[in-house]
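The values are calculated or read from the model by the stated rules, or taken from the named source; none is laboratory data. What you see is a predicted model; the values in this text were computed from it and never measured. Because the Cβ atoms are built from the backbone with ideal geometry, glycine has one as well, and the counts that use them run over all protein chains shown. Calculation scope for accessible area: heavy atoms of the full protein, side chains included, ligands and nucleic acids excluded. Shrake-Rupley method; radii C 1.70, N 1.55, O 1.52, S 1.80 Å.
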Amino acid sequence: MEEKQKVARPVDGIEGYGNDMVLFDNQPLDWVDRLYLLVTPQDQHKLQYWPQNPQSFRNVLHEYTARMEQLKEQLLKSIARSISLPEDCFLNQFGERSIMYARFNYYPPCSRPDQVLGLKPHADGSGITILLQDKQLQGLQVKKDDKWYQVPIMPQALLINLGDQLEIMSNGILKSPVHRALTSSERERFTLAMFCAPDPENEIGPVEELVDDKRPRLYKKIRNYPETYFHYYQQGKRPIDAVRV
Ligand SMILES: O=C(O)CCC(=O)C(=O)O
Ligand SMILES: [Fe+2]
């Protein structure tokens, strides 16, 4: 507890240990505590929020971040190739100063899982998200055609989720799925999400190759999508609707 307090999120900040920011009356709250840290670029680390206990925490997170940066690059290239685009087209929009956030999600046991969600339905605001799932407890669900589907646990596997910014860049060809997390009355659940996103100062938008007469531009160009995202998300709305043409 004491260690968590040392890195507690300030009321007006996003990094650190805490729970939902309350921005609106009647805002549905999530049954989750989280430690949220910017891990890339390194020169923007706010180390005051990086726990020193356990002692290995900072080094392990550094190393994990470096691996996830490599994985992100490979994934963005492969995804581009898979839809016949030049392999660097998403990476170029991410830019040299692309960002990555680590979010450690801790869902405590909840006595009313029928009433309370761990995370309300949302699509990620990232470009892509790399999720390390809890090894024992399922909880993640994805929505398709208005039905919720349970995501199975695959030990040793990372789950890759596409976020809104890749949907925007791909002019809607790639979809950023809506998902949610359930709670359990029996057990706690831990997950680690790494959100990979473009440099917020870069203007992003549908890549030119994917806009033509047959497929008109679906999304506007936008800078700093996370800012737009955050406000819509906490009201339970879909932020990507704000950038539709
Ligand atoms: O905890 C999970 O399984 C999902 C986490 C998630 O969707 C998120 O952090 O955005
Ligand atoms: Fe998510």
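Does the range 79-134 hold any residues that are out of contact with any Ser or Thr (no Cβ under 8 Å at 6 or more places or on another chain), of a type in the set (Ser, Thr, Tyr), closer than 16 Å to Pro198 by Cβ and away from ligand 2 (no atom under 16 Å from the Cβ), and which are they?
Matches in the range 79-134: none.
Could you tell me which of the residues Asp25, Asp30, Asp20 is open to solvent by 40 Å² or more (accessible area, probe 1.4 Å), modelled with pLDDT under 95 and acidic (Asp, Glu)?
Asp25
Every residue in the range 217-245 that is open to solvent by 50 Å² or more (accessible area, probe 1.4 Å) and part of a strand (DSSP E or B), please.
Residues satisfying the conditions are Arg223, Arg244.
Which condition number in (1) surrounded by 14 or more Cβ atoms within 10 Å (Cβ to Cβ); (2) within 18 Å of the chain's Cα centre (by Cα) is the one that Pro113 fails?
(2)
Based on what the data block shows, is Pro108 modelled with pLDDT under 95, farther than 19 Å from Arg189 by Cα and of a type outside the set (S, T, N, Q)?
For Pro108, the condition - modelled with pLDDT under 95, farther than 19 Å from Arg189 by Cα and of a type outside the set (S, T, N, Q) - is not met.
State all residues of the range 122-142 that are open to solvent by 70 Å² or more (accessible area, probe 1.4 Å) and within 10 Å of ligand 1 (Cβ to nearest atom); if no residue qualifies, say none.
Result: Gln138, single match.
For residues that are away from ligand 2 (no atom under 14 Å from the Cβ), assigned to a loop (DSSP other than H, G, I, E, B) and either surrounded by 13 or more Cβ atoms within 10 Å (Cβ to Cβ) or at positive phi (or both), tally how many sit in the range 143-155.
The qualifying residues number 3.
Can you find even one residue in the range 180-187 that is more than 28 Å from Asp114 (Cβ to Cβ) and out of contact with any Lys or Arg (no Cβ under 9 Å at 6 or more places or on another chain)?
Among the residues of the range 180-187, not one is more than 28 Å from Asp114 (Cβ to Cβ) and out of contact with any Lys or Arg (no Cβ under 9 Å at 6 or more places or on another chain), which makes the answer no.
If you scan the range 127-178, which residues turn out to be free of Cβ contacts under 8 Å to residues at least 40 places away in the same chain and of a type in the set (Val, Ile, Thr)?
Val142, Val151, Ile153
Please count how many residues of the range 61-84 are more than 19 Å from Ser126 (Cβ to Cβ) and either over 20 Å from the mean Cα position of the chain (by Cα) or in a loop (DSSP other than H, G, I, E, B) (or both).
Number of matching residues: 2.
Can you tell me which residue within the range 87-120, out of those that are free of Cβ contacts under 8 Å to residues at least 60 places away in the same chain and not aliphatic (A, V, I, L, M), is nearest to Gly205 (Cα to Cα)?
Asn92
Within the range 53-60, identify whether any single residue is open to solvent by 30 Å² or more (accessible area, probe 1.4 Å) and closer than 25 Å to Tyr233 by Cα, and answer yes or no.
Checked against the condition, which is being open to solvent by 30 Å² or more (accessible area, probe 1.4 Å) and closer than 25 Å to Tyr233 by Cα, the range 53-60 yields no hits at all.
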